[in-house]
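Colleague: Can you keep this structure in mind? I'll have questions shortly.
Values quoted throughout were computed directly from the atomic coordinates according to the rules given, and no laboratory measurement underlies them. Note that the coordinates shown come from a computational prediction; the quantities given were computed from them, not determined experimentally. Cβ placement follows ideal geometry from the backbone for every residue including glycine, while neighbour counts extend to all protein chains displayed.
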Amino acid sequence: MSPSSRALRPPAVAGTFYPAAPARASAEAARLTAAEAGAAGPSPAIAVVSPHAGWMYSGALAGRLFARVAIPERVLVLAPNHTGRGARASLWTDGAWCIPGREIAVDDAFVHALLRHAPLLEPDREAHDHEHAIEVLLPLLVARQPALRIAAVVLGGLSFTECEALAAGIAAVVAHADGPTLIVASSDMNHYLADDETRALDDKALAPLTQARPARLVGRGPRQRHHHVRLHPHHRRRARRPRPRRDPRDIGRPHHQRRRQRRLRPGGGLRRGDDGTVVPRYWARAKGPPSRRRGQGGSL
């Protein structure tokens with residue numbers, strides 16, 4: 001493949017989620033991933049979960065994670081689809097990902113093995129073009145492993161059965177790959193809960209993993225609402241308000257002259273009386289229509 005035909009994925013969130021200047025991005029990534037004083041050396045891992053918000057929010061946590069884990073030359077990043085574009089299981093298949101100051105190559109052999117063993121994955125670029133959940137982690141990973149190669153997967157809208165099939169395919173490829181692979185699940189878990197509630201919910205989410213019962217994470221076991229399964233408010237589709245019923249006499253009338261029919265509903269402005277007639281709800285509270293109350297000395 002000639003250099004001109006390589007698929008280069010340019011930075012999409014540099015300058016917003018993390019610094020755009022190469023020197024500043026490199027220095028900040030090195031600071032965030034620096035080993036803590038007195039901490040033990042990095043440990044090998046099969047898979048980790050990392051947050052993917054802007055560095056000002058979760059960069060310290062992501063950097064601390066990668067400082068404690070041995071980063072091999074090959075990393076598979078699984079990320080959620082925030083944009084709703086592209087395939088449901090989207091795999092970037094060739095070329096490189098660009099971050100400020102350098103390019104990170106795609107592991108071609110590993111990627112094509114994924115396509116063979118995990119048919120759910122589709123070669124796709126649209127889901128990756130404006131997605132931040134992989135890009136924000138790359139400068140941190142390359143700060144710990146300068147020879148980094150990646151496989152980038154964006155997922156959205158999969159059933160539990162599809163997740164099981166995809167996981168089996170990934171496991172087969174990782175088991176037969178040349179050299180170790182680190183799997184990074186890019187997930188913020190939540191954006192808005194207090195620390196104590198977040199830790200309690202995290203424990204509930206991690207328990208099924210330690211028990212090797214992943215179905216409990218998606219409600220296949222006893223009902224448990226996990227915060228990482230819910231959609232964040234800015235990802236939810238806005239609910240539509242029901243349209244009011246139209247009066248047939250309004251057809252052809254200007255909007256400001258139309259009359260709307262008020263519906264009988266709990267707590268609404270109308271109620272049905274004992275004789276079946278529809279009357280304003282405040283009549284029931286005042287025991288009669290206004291004319292009768294005036295005659296009895298009542299007031300409105």
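Colleague: Just to confirm a number: summing +1 for Lys and Arg and -1 for Asp and Glu over residues other than R9 whose beta-carbon lies under 15 angstrom from that of R9, what do you get?
Modeller: Taking every other residue near R9 into account, the sum is -4.
Colleague: Taking 22 Å as R0, compute the FRET efficiency from the Cβ-Cβ separation of E122 and V13 and round it to 0.05.
Modeller: 0.40
Colleague: Let me ask something else about it. Could you order the peptides 107-120, 196-209, 37-50 from most to least packed, using the average number of other C-beta atoms within 10 Å per residue?
Modeller: Listed from highest to lowest mean packing, they are 107-120, 196-209, 37-50.
Colleague: For the stretch 7-188, how big is the tail of P(r) above 31 Å, as a whole percent of Cα pairs?
Modeller: Cα-Cα pairs in the stretch 7-188 separated by more than 31 Å: 11 percent.
Colleague: If I model a spin label as a point 7 Å beyond the Cα along the Cα-Cβ vector, how far apart are those points for E103 and A21 in nm?
Modeller: So the label points at E103 and A21 sit 2.6 nm apart.
Colleague: To continue, here is another question. With 10 angstrom as the radius, rank V69, V136, V218, V184 by how many other C-beta atoms surround their C-beta, starting from the fewest.
Modeller: V218, V69, V184, V136
Colleague: Report Rg (one decimal) and Dmax (nearest whole number) for the stretch 1-53, counting Cα atoms only, units Å.
Modeller: Considering the stretch 1-53 through its Cα atoms, Rg and Dmax are 16.1, 47 Å.
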